Amino acid sequence: MAAARELGVPPHYGRERHLRPQREPARLVCIGPDLQQRPAWLRPRAAAAFQRMRRSAARAGIELQVASAWRSFGYQLGILCGKRERGLAMEAILAVSAAPGYSEHHSGRALDLATPGYAVLEEDFERSPAFAWLQRHAQRHGFSLSYPRGNRHGIAYEPWHWCWHAALARRARALNGGRPPPGARDARRHRPATRA
């Protein structure tokens, strides 16, 4: 956090933006490659929920691709450094990127999603059938859109950024009569790689 402050992140950033500090998980599970063919990681329960959601979407003819998943504090700091080096003001950077320590990506619960035929990490994603499917079905799997238009965090609208929440997953399960979401049985057979 000290390195972020040295770059110009305000000292009361989290409180002013209504963002909580995010801890990195002790354990991560690989969910396969992202769009750049790098291993994408999530915490175990979020990974299982995402795999179920991805299979459910595929059954509906929707391809969910991972643009980004877990990021370390250092990686997030590198994003800010790169933008500062390109001459962007910190205020402009923090309108589109959370400060290190506050990004949901640190938690291992957040994903930036994409789908074929639509620009990656652009508002264009909101016009895709994948976004429409996510709006109707993501909550059944415990995922919600983190940064809708006009969000209280002051972060630009990100239709591609979805985060898994244990409480939302429990609520969805309760509404489903205590049954896990579709595809849960298949997930138990799949043993993904882990990262400690």
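Quick note: the coordinates plus some simple rules give every number you see, no bench work behind them. Bear in mind the structure is a predicted one, so any value in this text is a computation, not a measurement. As a convention, Cβ positions derive from the backbone with ideal geometry for all residues, glycine included, and neighbour counts pool all protein chains shown.
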Rg to Rh quotient for the stretch 2-195, alpha carbon positions, Kirkwood Rh
0.97
Compute the helix-to-body angle for 73-85: its Cα long axis versus the longest principal axis of the chain, expressed 0 to 90° and rounded to tens.
50 degrees
Let me have the 222 nm mean residue ellipticity of the chain computed from DSSP H runs of 4+ only, each contributing -39500 (n - 2.57), with the sum over all residues rounded to the nearest 500.
-10000 deg cm²/dmol
Where does the longest stretch of the chain lie that holds no trypsin sites (Lys or Arg not before Pro) found in a DSSP loop with 14 or fewer other Cβ atoms within 10 Å?
87-148
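Round to the nearest 0.05 the FRET efficiency obtained for Met1 and Arg59 when R0 = 41 Å and r is the Cβ-Cβ distance.
Using R0 = 41 Å, I get an efficiency of 0.45.
To the nearest 0.05, how large is the calculated FRET efficiency for Arg149 and Cys30 if R₀ is 30 Å and r is the Cβ-Cβ distance?
Approximately 0.40, to the nearest 0.05.
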GNM of the chain, Cα pairs under 10 angstrom: of Glu63, Glu91, Glu123, the biggest fluctuation goes to Glu91
Arranged by the count of other C-beta atoms within 10 angstrom, fewest first, what order do Asp112, Asp124, Asp34 take?
Asp124, Asp34, Asp112
Where the centroid of each part is defined by its Cα atoms, how far is the stretch 56-76 from the stretch 93-113 in Å?
13 Å
With r defined as the distance between the Cβ atoms of Cys81 and Ala174 and R0 fixed at 41 Å, what FRET efficiency is calculated, to the nearest 0.05?
0.40
Between helix 44-59 and the chain, what is the angle of the helix's C-alpha long axis to the longest principal axis, kept within 0 to 90° and rounded to the nearest 10?
60 degrees
